[in-house]
1. Within segment 191-215, how many residues are in contact (Cβ under 8 Å) with a residue 40 or more places away in the chain, more than 14 Å from GLY263 (Cβ to Cβ) and not in a helix (DSSP H, G or I)?
2. Just to verify a result, which residue in segment 264-275, among those that are surrounded by fewer than 24 Cβ atoms within 10 Å (Cβ to Cβ) and farther than 17 Å from HIS355 by Cβ, is farthest from the chain's Cα centre (by Cα)?
3. Which condition number in (1) in a loop (DSSP other than H, G, I, E, B); (2) surrounded by 17 or more Cβ atoms within 10 Å (Cβ to Cβ) is the one that GLN101 fails?
4. I want to confirm something. Restricting to segment 221-263 and keeping residues that are more than 23 Å from ALA397 (Cβ to Cβ) and acidic (Asp, Glu), which single residue is surrounded by the most Cβ atoms within 10 Å (Cβ to Cβ)?
5. Can you give me the number of residues within segment 277-306 that are assigned to a loop (DSSP other than H, G, I, E, B) and crowded, with 21+ Cβ neighbours inside 10 Å?
6. Take residues that are surrounded by fewer than 24 Cβ atoms within 10 Å (Cβ to Cβ) and tell me which of the strands (runs of 3 or more DSSP E) falling wholly in segment 4-97 contain 1 or more.
7. Just to be sure, is LEU255 in a helix (DSSP H, G or I), modelled with pLDDT of 95 or more and not small (Gly, Ala, Ser)?
8. Output the number of the condition that PRO107 fails; it satisfies all remaining conditions of (1) assigned to a helix (DSSP H, G or I); (2) within 25 Å of LEU278 (Cβ to Cβ); (3) within 24 Å of the chain's Cα centre (by Cα).
Amino acid sequence: MNLLVDGGRHPEALLALEDGSYFFGRSAGAEGETFGEVVFNTSMVGYQEIVSDPSYAGQLVTLTYPQVGNYGINEVDMQSRELALAGLIVHDMCYQPSNWQSVKSLPDFLAERGIVAIEDVDTRALTLRIREGGAMKAAISTTDLDPASLVARVQASAAIADHNYVADVSCKEPCVIPAKGECRHKVVAYDCGEKAGIAKRLAAVGCEVTVVPWDTPAEKALALDPDGVFFSNGPGDPETVPPVVEAVRACLGKLPVFGICLGNQVISLAAGGQVEKLPYGHHGGNEPVMNLLTGKVEITAQNHNYGPVFPTFGPLVPELSDGVTEHPSDLRFWSSRHVAPVVMSERYGRIRLTHVNLNDGTPEGIQFLDLPAFSMQYHPEAKPGPNDSTYAFAAFARLMDGVEDYLAIDVREGRRF
């Protein structure tokens, strides 16, 4: 039975932002109220993967595509067993989905999992407000419908950086995911909120993956005698997880290392770089990124509010950076030249910028040249999103194989995994 249709329960709901703005709508999930950081996602499909992505812990997710839920919920696209997002904001929720794989509607799914959601919101106006004011604290409530009251409570609520959400979403005990086909490599994966699609991609390139909790000491991980170590995506501020940064430092130089999203951020911190909070982050499946090693542009899936600041890794090495001696203010300078610049890190030697976001010029990937390690800020596994970047998992396997130019793979390779 579709509870939200047959039961007729569509109570009024209120969305309030810390800048004082508010939007009235209708409940489209569990009743009650929830607080978090409001962000927007520009994907046109893939809402099931989005709401089950652990990286959204502590966030109220606005979907910019106007109608959401029309193909329902299936049993195969979940990225985690539990839902970690704080809430969902849509314009038009579908209560009667039509798809052969559908087992229930999205609003029923959210209600069963206790996720507060709101519909009938002008998501275009909300997205513009977030773009202008940045990601900010917000709340959805079906119990407090007084705008002044809810705004004041939002303003008094904790910021997302005040809490370690990685500890909430990480696994509690290690588990092993077998390789698909022949086992070529054994990998330890630090679960900081790892999506299921990542483990599947690693398995697809022949990796047996031992997933370990986020705070596993490096000596325990290395005692498993892996061929490589992977650091996963995850929610929140990377500064809240210093044990992961220490684990990265303990692994770098000992064996191949690969990181995605939060994994890229903690690897950057371990290398002495700085990480900044972006104005409103990157959330969606349509971000153009240039691979500076191949000159090819990938359309990528992304979900992060924080990212590394490439100039803070160290000074440029001019002879490896097209003769340039000073860091440009916009990294698209390098994409226009098709040059992958190299800096000199005090701790780990030469580090190369490999990928640049063509929308805003932020760094999207780095490669250590004097030890076996690389990382990407975006999501090469997609789930949801395009498959342009799935070669990253083959690159990690090639790195563990000892291939020198492991990362210089054409974007057309690897899409069939």
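1. Residues of segment 191-215 that are in contact (Cβ under 8 Å) with a residue 40 or more places away in the chain, as a first pass: 191-198, 200-202, 204-207, 211-215.
Still in the running and more than 14 Å from GLY263 (Cβ to Cβ): 196-197, 200, 204-207, 213, 215.
Filter once more, keeping what is not in a helix (DSSP H, G or I): 205-207, 213, 215.
Counting residues in segment 191-215 that are in contact (Cβ under 8 Å) with a residue 40 or more places away in the chain, more than 14 Å from GLY263 (Cβ to Cβ) and not in a helix (DSSP H, G or I) gives 5.
2. Filtering segment 264-275 for residues that are surrounded by fewer than 24 Cβ atoms within 10 Å (Cβ to Cβ) and farther than 17 Å from HIS355 by Cβ, the one farthest from the chain's Cα centre (by Cα) comes out as GLY272.
3. For GLN101, the exception is condition (2).
4. The qualifying residue surrounded by the most Cβ atoms within 10 Å (Cβ to Cβ) is ASP237.
5. Kept after step one, since they are assigned to a loop (DSSP other than H, G, I, E, B), are these residues of segment 277-306: 292-296.
Checking the rest, the ones that are also crowded, with 21+ Cβ neighbours inside 10 Å come to 292.
Within segment 277-306, residues that are assigned to a loop (DSSP other than H, G, I, E, B) and crowded, with 21+ Cβ neighbours inside 10 Å number 1.
6. Filter on segment 4-97 gives 12-17, 22-27, 33-41.
7. So LEU255 does not fit the description; no.
8. Just one mismatch for PRO107, condition (2).
The values are calculated or read from the model by the stated rules, or taken from the named source; none is laboratory data. If you're wondering where the values come from, they're calculated on a predicted model, not measured in any experiment. Neighbour counts are summed over all protein chains in view; Cβ atoms, including those assigned to glycine, are modelled from backbone coordinates with ideal geometry.
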